[in-house]
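Engineer: Handing you a structure now.
The values are calculated or read from the model by the stated rules, or taken from the named source; none is laboratory data. As the structure is a computational prediction, the values presented were derived from the model and not from experiment. Here the Cβ positions follow ideal geometry from the backbone for every residue, glycine too, while neighbour counts run over all protein chains shown.
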Amino acid sequence: MATDLFDLAGKIALVSGASRGIGAAIATLLAEQGAHVIVSSRKLDGCQAVADEIVAAGGSAEALACHIGRLEDIEKTFVTLRERHGRLDILVNNGAANPYFGPILETDPGAFTKTVEVNVRGYFFMSVEAGRLMKEKGGGAIVNTASVNALIPGVGQGIYSITKAAIVNMTKAFAKECAPFGIRVNALLPGLTKTKFANALFADNEIYTEWMKSVPLGRHARPDEMAGAVLYLVSDAATYTTGESLVVDGGLTI
């Protein structure tokens, strides 16, 4: 049941990369708090499965395929949003790409391009389109999923870490310029979280063990723990107008 502090009834929320993992957890929690959630990712089937689960639990949701690495998909998505809802109150940029895991000196140009197109260009133009719509309607909230890799580059994750650092600064830029329009822009920096996306890190025991040495709580995070932080940032409980909130390693906030 929605609480008064985190009640999102009547809000329209778009969550990218929401067919599984952190995105699915975020979409589910926002719906539990009363928002109508647009579950989005590259493949419609996965989005529909999450939307169906939300509806079956009594929430409101729909599925919408959008590959944020393609500008034409972003444009179509916001045309659809305007036609169906005429507004957007919440955007969670959560979709990401990390096609290459290995030495930075061996980074393939194709992997570099794909990672930048999704993680930087995609987040940027999703935020531009959302910001324009939110400005028209008097405000809203945007949350960008970055990573603790933005602060400390991960082993074998050079270009991914670089794009996540770019997202942090992008968040600051949007926050500064959009605050006068009533638009809050924040970033979430998850630490190692148990998702399919992070399989390579969990599969390598040496990397996993080394990572755990730097985690204050001594454990990896769960997707639902990230969802709670996002709920706060998009709710009326949040009072930020500029800057970003950094949430790392399963509970440590800085």
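Engineer: What is the number of the single condition among (1) modelled with pLDDT of 95 or more; (2) not basic (Lys, Arg); (3) not in a strand (DSSP E or B) that ALA96 does not meet?
Structural biologist: With respect to (1) modelled with pLDDT of 95 or more; (2) not basic (Lys, Arg); (3) not in a strand (DSSP E or B), ALA96 is out only on (1).
Engineer: Identify, from the list HIS67, HIS36, the residue that is under 25 Å from LEU8 (Cα atoms) and at pLDDT 95 or above. Before the answer, list the steps.
Structural biologist: Values: HIS67 fails: under 25 Å from LEU8 (Cα atoms).
Testing whether each residue is under 25 Å from LEU8 (Cα atoms) and at pLDDT 95 or above leaves just HIS36.
Engineer: Could you check ILE142 against (1) assigned to a helix (DSSP H, G or I); (2) within 22 Å of SER235 (Cβ to Cβ) and say which number it fails?
Structural biologist: Evaluating ILE142 over (1) assigned to a helix (DSSP H, G or I); (2) within 22 Å of SER235 (Cβ to Cβ) leaves (1) as the failure.
Engineer: Please return the ranges of helices (runs of 4 or more DSSP H) entirely within segment 151-254 where 2 or more residues are modelled with pLDDT under 75.
Structural biologist: The qualifying helices (runs of 4 or more DSSP H) are 199-203, 205-212, 223-234.
Engineer: Okay, next question. Find all pairs meeting these conditions: Cβ atoms under 6 angstrom apart; at least six residues apart or on different chains; first residue within segment 176-191 and over 18 Å from LEU231 (Cα atoms); second residue part of a helix (DSSP H, G or I).
Structural biologist: CYS178/GLY131; PHE181/LYS135
Engineer: Given the residues LYS164, LYS135, which is the only one that is touching a Phe, Trp or Tyr at 6+ places or on another chain (Cβ under 6 Å) and either within 16 Å of ALA13 (Cα to Cα) or buried (at least 23 other Cβ atoms within 10 Å of the Cβ) (or both)?
Structural biologist: None of the other options fit; the residue is LYS135.
Engineer: Sticking with this structure for a sec: Of the conditions (1) within 16 Å of ILE162 (Cα to Cα); (2) outside any loop (DSSP other than H, G, I, E, B); (3) in contact (Cβ under 8 Å) with a residue 12 or more places away in the chain, LEU81 fails just one. Which one is it?
Structural biologist: Unmet for LEU81, out of (1) within 16 Å of ILE162 (Cα to Cα); (2) outside any loop (DSSP other than H, G, I, E, B); (3) in contact (Cβ under 8 Å) with a residue 12 or more places away in the chain: (1).
Engineer: Please determine, by comparing only the residues of segment 98-124 that are hydrophobic (A, V, I, L, M, F, W, C) and surrounded by fewer than 16 Cβ atoms within 10 Å (Cβ to Cβ), which one is farthest from PRO180 (Cα to Cα).
Structural biologist: Checking each candidate, the answer is LEU105.
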